[in-house]
1. Out of (1) closer than 30 Å to Gly224 by Cβ; (2) at pLDDT 65 or above, what's the single condition that is false for Ile377?
2. Which of the residues that make up the range 253-287 are surrounded by fewer than 12 Cβ atoms within 10 Å (Cβ to Cβ), within 45 Å of the chain's Cα centre (by Cα) and of a type in the set (Val, Ile, Thr)?
3. Looking at the range 206-285, what strands (runs of 3 or more DSSP E) fall wholly within it and have at least 3 residues that are more than 30 Å from Val148 (Cβ to Cβ)?
4. Gly184 - would you say it is surrounded by fewer than 18 Cβ atoms within 10 Å (Cβ to Cβ), small (Gly, Ala, Ser) and at negative phi?
5. Out of (1) within 16 Å of the chain's Cα centre (by Cα); (2) surrounded by 15 or more Cβ atoms within 10 Å (Cβ to Cβ); (3) at pLDDT 85 or above, the odd one out for Thr55 is which?
6. Do you know which of the residues in the range 297-314 that are in contact with a strand residue (DSSP E or B) (Cβ under 8 Å, 6 or more places away or on another chain) and at pLDDT below 65 is most open to solvent (accessible area, probe 1.4 Å)?
Amino acid sequence: IRLFGFQIGADDQDKKPDQYGQPTQKTFAVPQTDDGAVTVAGAGYYGTYVDLDGTFRNETQLITKYRELSIQPEMETAIDEIVNEAIVIEDSGTSVEINMDEVKAPGQIKKRIEDEFNLILKMLNFGNMGHDIFRRWYIDGRLYYHIVIDELQPGLGIQEIKYIDPRRIRKIREIQKMRDPQTGIELIRKTIEYYLYNEKGMIGAGTNLGAKIAVDSIVNVNSGIMDPKQTMVLSYLHKAIKPFNNLRMVEDATVIYRLSRAPERRVFYIDVGNMPTVKAEQYVRDIMVKYRNKLVYDSNTGEIKDDRKHLSMLEDFWLPRREGSKGTEISTLEGARNLGEMEDVKYFQSKLYRSLNVPIGRLEPQQGFSLGRTTEITRDELKFTKFVQRLRNKFSSLFDDLLRVQLILKNVCTEEEWK
């Protein structure tokens with residue numbers, strides 16, 4: 001069955017058999033890569049397989065979680081620092097260039113490759129959208145582009161590059177096995193890779209339907225960070241989920257504590273004499289209602305109504321007092337004095353920034369900006385520079401994959417020459 005899109009090279013990936021019909025290159029190990037492909041047993045119906053581990057559902061939820069995380073103020077500030085360091089626009093107006101100093105080719109070929117590279121940057125609109133593309137890749141942890149060509153005239157090269165939401169596409173690797181007649185071990189006979197696309201998204205852990213797309217028609221660039229099961233790609237924001245949740249909980253607890261302990265409240269001790277318990281409670285309640293006046297505004301109806309039946313945590317306390325003790329008394333419950341302590345909030349905020357590898361000095365408002373000597377560079381800044389360089393190297397595979405397809409389609413070089 002022909003896949004949608006185009007395929008560079010031969011479709012047949014069978015190992016060359018020997019005289020007995022067995023593959024000469026034998027292996028039983030399933031290939032492990034960082035592309036996040038779901039490995040399934042070869043079979044089935046066209047574009048159909050069962051996701052038993054629920055990887056699609058978890059991955060879709062994770063990507064949505066990453067995007068919700070990125071719009072929070074603390075996260076957005078840290079992400080902006082990383083994106084601004086990774087994508088730097090020079091005075092010439094370019095943020096990425098191709099280096100062919102070590103390419104052994106004539107100058108005319110190098111000029112042709114450079115022209116094709118600039119054409120790819122133009123189709124990506126990288127000069128204007130470079131920061132947004134890198135930010136999208138950093139937050140989601142993956143980036144998918146559909147390469148559109150003219151199938152009647154593939155020599156014209158790439159016609160359009162379209163972005164695909166990662167929640168709607170996933171790479172599938174089908175493993176077809178055979179049993180070795182001598183040892184009985186299951187050997188890998190054939191490996192088929194393709195992408196499965198579903199417009200409605202990859203949701204649910206049941207049977208997933210979708211259209212099969214050829215591997216060369218899709219450009220996939222991911223973070224390279226895998227979960228412990230090696231089945232799902234994680235974002236660089238993944239390790240910041242727990243510190244961010246802790247920070248939000250501490251901030252909410254601090255606000256609640258301040259609201260509940262800031263005001264001074266009165267404590268009314270009501271003398272109930274030798275009344276029975278039921279009558280004593282009723283007497284205290286009558287006194288409470290008599291001296292309480294709680295009018296609230298109903299935003300739904302626009303009315304002012306009495307809400308005396310609810311006693312909030314910010315109001316006065318009413319306590320009964322038995323006969324023989326002091327009479328009715330009114331005292332004051334002092335408010336909290338340590339409302340200015342924010343050390344726990346600052347701790348989790350610093351932990352959040354450390355999880356994103358961003359130096360804390362860049363995010364503190366009281367820290368200034370200095371263009372000093374090289375001896376004044378801190379260790380955190382050096383580590384951050386190396387981290388950004390790793391991000392650039394990983395992200396640059398996007399241009400490598402697009403340039404590979406473009407040069408092969410236009411017969412500038414062959415698949416072997418590209419390698």
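1. (2)
2. Val255, Ile256
3. 265-273
4. Spelling it out, it is not the case that Gly184 is surrounded by fewer than 18 Cβ atoms within 10 Å (Cβ to Cβ), small (Gly, Ala, Ser) and at negative phi.
5. Among (1) within 16 Å of the chain's Cα centre (by Cα); (2) surrounded by 15 or more Cβ atoms within 10 Å (Cβ to Cβ); (3) at pLDDT 85 or above, Thr55 violates only (3).
6. So the residue we want is Tyr297.
The values are calculated or read from the model by the stated rules, or taken from the named source; none is laboratory data. For clarity, every value in this text was computed on a predicted model and none was experimentally measured. Cβ coordinates were reconstructed from backbone atoms using ideal geometry, including for glycine residues, and neighbour counts include every protein chain displayed. Note: areas computed on protein heavy atoms with side chains; ligands, DNA, RNA excluded. Shrake-Rupley method; radii C 1.70, N 1.55, O 1.52, S 1.80 Å.
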